[in-house]
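First comes the structure, then the notes that go with it.
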């Protein structure tokens, strides 16, 4: 291998630095934001109303894993949101009690980083996790509960009654809404900072050359128009604007009343196959091709570009919080 003279390297250094500065500037201009590295700043982001406490988070974690909150007591929130993986279940269509499939052929979105999303559910109908946590429990094809049954089961457990009083005050009334609020407290903490965040927070060598190239492609090709912000997704956007989605007839979901669909977060995207709202694309490479075709009208995408994008996406795999299953009260 021919060695590059030391003087040549010195002459190249200013250009290398400019390239790095330009990438950082492009990222900032594009609207990508890091998960804060300081706990104080992070909690400003995930807990704007300052309601999270250690006791509330611990209670919510128990409820998240408790199968009492499904009608037949066979599944919990954790059943569809596997915290040992990417925060979803890896299925093309969500499965509820008794093996019931989602009637619209929708799959389970990740719960990781959900507190960073602007909207919840594929149609964006919930504004926050406190509201969203109620939906799966009540859906007959998911957990099949009624508010009355949920409250009855939880209030029959002395450990839970004590925990609610400790977390929310001795005069707290355990309602269905309050149960959902407690679950959301735990879910708000499910944040996964990644090497990409380290890069945005000033650690330039957190990304390698291929990952930085993938990041540049991600910005230059326009992926950033939808996958933006600190969540790198989570807003409502038009779907299949340039070409028709290849698997549009799998299920009957067409978005909200305006035809908008919640943009999936790309955080941990490498861990959350299959892809799209109806889980019809099992491989990330093919999902990139399909998104390029239906959103950007790019029918041919270079294989190197795909590999570089995937390298960048792998840099979005985050560091998970404590995922040890809690003791469930008897």
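Values quoted throughout were computed directly from the atomic coordinates according to the rules given, and no laboratory measurement underlies them. From a predicted model like this one, the values you see are computed outputs, not experimental measurements. A quick note on method: Cβ atoms are made from the backbone with ideal geometry, for glycine too, and the neighbour counts reach across all protein chains shown.
Quick check: pseudo-label points 7 Å beyond the Cα along Cα→Cβ at residue 175 and residue 121, how many nm apart are they?
In this crude label model, residue 175 to residue 121 measures out at 1.9 nm.
For residue 157 and residue 100, calculate 0.36 nm times their separation in residues minus their Cα-Cα distance, and state this gained length in nm to one decimal.
In short, 17.7 nm is gained.
Between residue 43 and residue 241, what FRET efficiency comes out of the Förster formula 1/(1 + (r/R0)^6) with R0 = 56 Å and r the beta carbon distance, rounded to 0.05?
That pair, residue 241 with residue 43, gives E of 0.95.
Using alpha carbons only, how many angstrom separate the centre of the range 134-187 from the centre of the range 51-78?
8 Å
How big is the gap, in Å, between the Cα center of the range 87-128 and the Cα center of the range 209-259?
Between the Cα centres of the range 87-128 and the range 209-259 lies a distance of 17 Å.
For Cα pairs less than 8 Å apart in space and 6+ apart in sequence, what is the mean separation divided by the residue count of the range 46-187, i.e. the relative contact order in percent?
Reported relative contact order: 30 percent.
Highest first, please rank the peptides 143-156, 236-249, 191-204 by the mean number of other Cβ atoms sitting within 10 Å of their residues.
191-204, 143-156, 236-249
Please compute, over every Cα-Cα pair in the range 187-288, the percentage with a separation greater than 22 angstrom.
I get 38 percent for the Cα pairs in the range 187-288 exceeding 22 Å.
Quickly rank 169-175, 254-260 as a protection proxy: mean count of other C-beta atoms within 10 Å, highest first.
Highest mean packing first, the order is 254-260, 169-175.
Output the relative contact order of the chain, whole-number percent, from Cα pairs under 8 angstrom with separation of 6+ residues.
Working: 545 pairs, mean separation 75.6, N = 330.
Here the relative contact order equals 23 percent.
Using only Cα atoms, tell me the angle between helix 158-168 and the longest principal axis of the chain; keep it within 0 to 90° and round to the nearest 10.
The two axes meet at around 60 degrees.
Using every pair of alpha-carbon atoms in the chain, split the distances into 20 Å bins beginning at 0 and state the percent of pairs per bin, rounded to integers.
29, 53, 16, 2
Please list, in order, the residues from the range 98-120 whose amide nitrogen is less than 16 Å from a point placed 7 Å along the Cα→Cβ vector of residue 85.
Backbone N within reach: 102, 106-112.
Report, in degrees rounded to the nearest 10, the 0 to 90 angle that the Cα long axis of helix 303-314 makes with the longest principal axis of the chain.
That helix lies at roughly 50 degrees to the long axis.
Can you compute log10 of I(q)/I(0) for the range 46-187 with the Debye formula, treating each Cα as one identical point scatterer, at q = 0.15 Å⁻¹?
Results for the range 46-187 at q = 0.15 Å⁻¹ read -0.72.
For each of 160, 112, count neighbouring Cβ atoms within 10 Å of the residue's Cβ, then give the residues from fewest to most.
160, 112
For the Cα atoms of the chain, what angle does the longest principal axis make with the long axis of helix 209-220, in degrees from 0 to 90, nearest 10?
Helix 209-220 sits at roughly 80 degrees to that axis.
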